[in-house]
Amino acid sequence: MQKSEQTSRPPIVGRYTAEELALASRNSGMPLEALRYDVTPAGLHYRLIHFDIPAADEFTWRLRLDGLVERPLGLSLDQLRALPARTVRMTMECAGNGRGQMSPRYPSMPWMEEGVSTAEWTGVPLATLLERAGLKSTVRELVFHGVDRGLDRGIEHAFARSLAPAEAAADGVLVAWAMNGQPLLPQHGAPLRLVVPGWYGMASVKWLARIEAVSAPFEGVQQALSYHFRKVAGEKGAPCTRMRVNSLMAPPGILDFYARKRIAAAGRIEIRGRAWSGSGAVTGVSFASDGKWTDAELDASLGEHAWRGWRASWDAVPGEHELRCRATDATGATQPLEPVWDAAGFGNNSSQSVAVTVREA
């Protein structure tokens, strides 16, 4: 199956294909000007939907928690809402964010850098449900089954992912029914989804209908075949898990509609942005104009699982300029200046580059 995955979609150089354009039309990224919001409005939150958005009725929806448990559960949405709830502010990023900047690139959703957002998710801690069900000692993984179904790698399946019990019971992991204080939207997994802080977005399974406790590693398509870092097509690779340290700036000035170039007036310009990491708090952000790096000022923390704001001043003079930013997290990891090659385009956290034409004030 790994061979089929790699040979059926070889890397591409040059123009985008009709299939890639169809993916880009169906899915959507967060406009970078929305970095101004601490919490991304639901309509601006990025989305990646693998198959069709399933029909879902919240009044008949039930979440099953079964498999190797002492007390199997079947809970309606009302029963879940009656349990003690928690709200978690969380930054979520698609594992393929930045794929479109690589060359050659893997043919899939051609993200540039907009596949990230932050929302406030409300639901019941997954640890609460696991405690109620009582995991047996033989449980090795918990499998989260969505109801969205289709074909990928030529294999028909419903989207599903797994976590080890300790990861599933970690602080902040929720079975969520609300986003930014409102019921989930259909495109964001209504009526129920998993939310896993710190991990790339594929872990936060949408349209969640079943949690299955199993004694062996889950070998589903989206777990065993996809979402792996691979330097060479066909190798086993390492699974995508926690988000790599990353940062973005809100591009200054105004935008040329078709050329997508930035135009700004000369003078002092405040640059604002956000930085995040799934492996520890952001400890620093650097900003550069034409290769000259300076330390940016960090804003106060917005929460353990949320991005952090930063700001810098730029004395813009007439001409053509390149602006860049890069972040460092508590583990000491720093964004690379150039994309690190990955066969499927996963995990590109290279420093953002923004070209700006500055005119006389």
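The values are calculated or read from the model by the stated rules, or taken from the named source; none is laboratory data. Quick caveat: nothing in here was measured; it's all calculated off a predicted structure. All Cβ positions, glycine included, derive from the backbone under ideal geometry; neighbour counts span all protein chains shown.
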Here the residues within region 40-74 that are without any contact (Cβ under 8 Å) to a residue 40 or more places away in the chain, aliphatic (A, V, I, L, M) and in a strand (DSSP E or B) are none
For residue 30, the lone unmet condition from (1) touching a residue at least 60 places away in the same chain (Cβ under 8 Å); (2) exposed (fewer than 12 other Cβ atoms within 10 Å of the Cβ); (3) not polar (S, T, N, Q) is (2)
Just one listed residue, out of 274, 268, is among the basic types (Lys, Arg), touching a strand residue (DSSP E or B) at 6+ places or on another chain (Cβ under 7 Å) and under 21 Å from residue 337 (Cβ atoms), and it is 274
Of the candidates 315, 290, 299, the one satisfying the condition of being surrounded by 13 or more Cβ atoms within 10 Å (Cβ to Cβ), modelled with pLDDT of 95 or more, farther than 30 Å from residue 76 by Cα and in contact with a strand residue (DSSP E or B) (Cβ under 7 Å, 6 or more places away or on another chain) is 299
Scanning region 93-125 for residues that are in contact with a Cys (Cβ under 9 Å, 6 or more places away or on another chain) and not small (Gly, Ala, Ser), the one farthest from residue 246 (Cα to Cα) turns out to be 109
When restricted to 252, 197, the only residue crowded, with 17+ Cβ neighbours inside 10 Å and over 29 Å from residue 331 (Cβ atoms) is 252
Note on region 107-133: residues surrounded by 22 or more Cβ atoms within 10 Å (Cβ to Cβ) and hydroxyl-bearing (Ser, Thr, Tyr) are 117, 118
Taking region 325-349 and keeping only residues that are closer than 28 Å to residue 267 by Cα and either at pLDDT below 95 or touching a Gly at 6+ places or on another chain (Cβ under 8 Å) (or both), one is left with 325, 327
Expected single match for out of contact with any helix residue (DSSP H, G or I) (no Cβ under 7 Å at 6 or more places or on another chain) and either assigned by TED's automatic domain parsing to the domain that holds residue 28 or among the aromatic types (Phe, Trp, Tyr) (or both) among 160, 233, 170 is 170
Out of (1) buried (at least 19 other Cβ atoms within 10 Å of the Cβ); (2) touching a Leu at 6+ places or on another chain (Cβ under 8 Å); (3) within 21 Å of residue 80 (Cα to Cα); (4) not hydroxyl-bearing (Ser, Thr, Tyr), the one residue 165 does not meet is (1)
Going through (1) more than 20 Å from residue 115 (Cβ to Cβ); (2) in contact (Cβ under 8 Å) with a residue 60 or more places away in the chain; (3) polar (S, T, N, Q) one by one, residue 335 fails only at (1)
Margin query: With the structure loaded, tell me whether residue 99 is surrounded by 15 or more Cβ atoms within 10 Å (Cβ to Cβ), in contact (Cβ under 8 Å) with a residue 60 or more places away in the chain and closer than 30 Å to residue 309 by Cβ or whether it fails that test.
Written below: yes
